[in-house]
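Reviewing the structure listed below.
The values are calculated or read from the model by the stated rules, or taken from the named source; none is laboratory data. Quick caveat, the model's predicted, so the values are computed rather than measured. Glycine also receives a Cβ, built like all others from the backbone with ideal geometry; neighbour counts cover every protein chain displayed. All accessible areas refer to the heavy atoms of the entire protein, side chains included, with ligands and DNA or RNA removed. Shrake-Rupley method; radii C 1.70, N 1.55, O 1.52, S 1.80 Å.
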Amino acid sequence: MEKRKIYLDNSATTQTDEAVVKEMLPYFSDIYGNASSFHSFGREARTALDEARTKIASLLNASPEEIIFTGCGTESDNLAIFGILSAFGKKGHIITSKIEHHAVLHSCERLEKNGYEVTYVDTDKSGKVCAEDVIKAVKENTLLVTIMHANNEVGTIQPIEEIAAGLKIINKNRKDKIYFHTDAVQTAGKIKLDVEKLGADLLSIAAHKFHGPKGIGVLYVKKGTNISPIIFGGHHENGLRPGTENVAFAKAMAKALEIADADMQEHNKYVFRLREKLKKGILDTIPQVFINGSGENSVAGILNVSFTYIEGESLLLKLDMKGIAASTGSACASGSSDPSHVLTAMCVDPIAAQGAIRFSMSYKNTEEEIDYVLSVLPQLVDSLRAMSPVWQSKKND
Ligand code: PLP
């Protein structure tokens with residue numbers, strides 16, 4: 001019998017949609033010119049690139065000149081942070097949160113080593129940053145605030161509009177504007193992103209999180225933002241991101257975002273139902289489990305569960321042997337045995353944090369797949385707990 005394969009790691013990456021693959025294929029074989037070349041091959045590629053940029057801009061309620069293509073979410077975050085600070089040309093203070101993706105956290109840690117001051121704002125138990133805490137952290141020398149739109153491990157949505165409104169008031173009386181960046185890598189294609197409404201100056205997204213290809217991202221840069229490139233070369237992407245543009249991936253990204261946008265409500269309803277089914281099934285059949293994150297104010301497809309008294313990594317291995325793919329949190333942190341920085345910031349008990357698993361669903365998953373997971377999970381958890389002396393002594397508490 002063929003082994004089952006169930007993919008519940010859609011926050012790490014997603015399967016590229018068939019329509020998206022179809023959209024990009026001609027740009028490998030037929031329309032392969034360099035979009036910066038002046039001849040007809042180049043002009044054809046440029047037209048396609050412009051179309052992709054215009055479509056993405058319109059889906060984000062931005063202007064085409066505000067859309068900068070990059071190679072991934074990490075690059076968009078790095079360009080936002082280092083690009084803004086480089087344009088200031090002086091050292092200063094940055095505000096971020098303790099639950100950011102490593103693309104932001106490790107950038108901030110690097111900046112600290114280089115003499116910048118960084119405030120890492122706390123979250124509440126659900127993983128939500130308080131907008132007031134961010135505003136209170138502003139200092140004379142604050143240059144940049146970077147807070148993610150939704151967390152990748154627990155899905156909690158952050159009060160971006162509130163933070164933007166607070167900063168707008170502060171900025172009225174300052175010589176140097178405090179720029180506001182949000183990492184929307186986990187919300188693009190799942191929550192309607194309207195850059196005007198959100199109020200951030202910079203916003204990062206990556207195509208592979210919403211059924212587009214890996215290898216392309218976008219940084220939205222609000223008109224008038226003082227930002228410098230962080231790599232150097234030609235004058236591509238408004239002088240901000242040199243290198244020959246990937247027209248095929250740009251077209252694919254625009255198509256993926258268009259599909260995600262059109263089907264968003266329906267997909268969110270469906271994925272939410274899958275998540276609630278999985279959650280209920282786990283809570284009904286397995287003792288001593290805890291759900292991490294708010295559930296209500298979160299992206300629909302993420303379920304982070306702590307199975308106490310076991311190692312999350314061991315459960316992942318057992319799930320993998322049954323053909324089920326999940327993760328212990330961020331794909332970029334896997335391989336590390338440290339407890340998740342996100343769960344630690346949320347004050348999750350260390351024993352619960354050790355046994356945390358993230359299931360992340362997309363519209364490609366089915367109810368039948370969730371039934372299968374629920375049919376094998378209790379036994380897998382039991383078998384691991386049977387090896388835990390602490391569980392043996394605690395199980396009747
Ligand atoms: N930011 C967040 C919130 C993410 O979840 C990820 C990827 O998991 C990234 C940034 C990095 O994106 P990429 O893997 O496209 O570089």
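Remark: relative contact order (the chain) = 23 percent; criterion is Cα-Cα distance under 8 angstrom and separation of 6 or more residues. Taking every DSSP bridge with both residues inside the chain, close to 55 percent are antiparallel.
Of all DSSP-defined beta bridges confined to the range 66-191, some 10% are antiparallel rather than parallel.
Could you sort the peptides 57-67, 21-31 by per-residue average Cβ neighbour count (10 Å cutoff), highest mean leading? Provide the component values of the computation, followed by the final result.
Details: 57-67: 18.6, 21-31: 14.8.
Top to bottom by mean Cβ count within 10 Å: 57-67, 21-31.
When you restrict to C-alpha pairs under 8 Å that are six or more residues apart and normalise by the size of the range 161-259, the relative contact order lands at 22 percent.
Express the carbon and sulfur contribution to the solvent-accessible surface of the range 1-109 as a percent, rounded to the nearest whole number, probe 1.4 angstrom.
Details: 2770 of 5040 Å².
Roughly 55 percent of what the probe reaches on the range 1-109 is carbon or sulfur.
Can you tell me the length gained on complete extension of the stretch ILE170 to PHE38, counting 0.36 nm per residue apart and subtracting the Cα distance?
Working: separation 132, 0.36 × 132 = 47.52 nm, distance 4.59 nm.
My answer for the length gained is 42.9 nm.
Solvent-accessible surface of the range 18-262, taken per residue with a 1.4 Å probe and all protein chains present: 41 Å².
Measure up LYS5/LYS251; LYS222/LYS364; LYS113/LYS192; LYS269/LYS318 against 32 Å on the Cα-Cα distance and list the ones that go over. Beyond 32 Å between Cα atoms: LYS222/LYS364; LYS113/LYS192.
Helices of the chain meeting both criteria, an alpha-carbon length of 15 angstrom or more along the long axis and an average Kyte-Doolittle score not below 0.0, with helices taken as full DSSP H segments, are 73-88, 160-172, 247-262, 367-385.
Distance between the C-alpha centers of the range 64-100 and the range 126-191? Whole Å please. The range 64-100 and the range 126-191 have Cα centres separated by 13 Å.
For THR187, THR16, the ranking by accessible surface with the largest value first comes to THR16, THR187, using a 1.4 Å probe. What aspartates and glutamates sit close enough to LYS223 to cross-link, taking a C-alpha to C-alpha distance under 14 Å and skipping anything fewer than 8 places away on the same chain? In chain and number order, the partners are GLU65, GLU66, GLU196, ASP201, GLU237. Its residue count N fixes a reference of 2.2 N^0.38 Å for the range 18-262, and the Cα radius of gyration divided by that reference is 1.01. Mind scanning LYS90/LYS209; LYS55/LYS214; LYS22/LYS190; LYS3/LYS277; LYS136/LYS172; LYS139/LYS190 and naming the pairs with a C-alpha gap bigger than 27 Å? Pairs exceeding the cut-off: LYS90/LYS209; LYS139/LYS190.
Average accessible surface for the range 264-390: 45 Å² per residue, computed with a 1.4 Å probe over protein heavy atoms with every protein chain in place.
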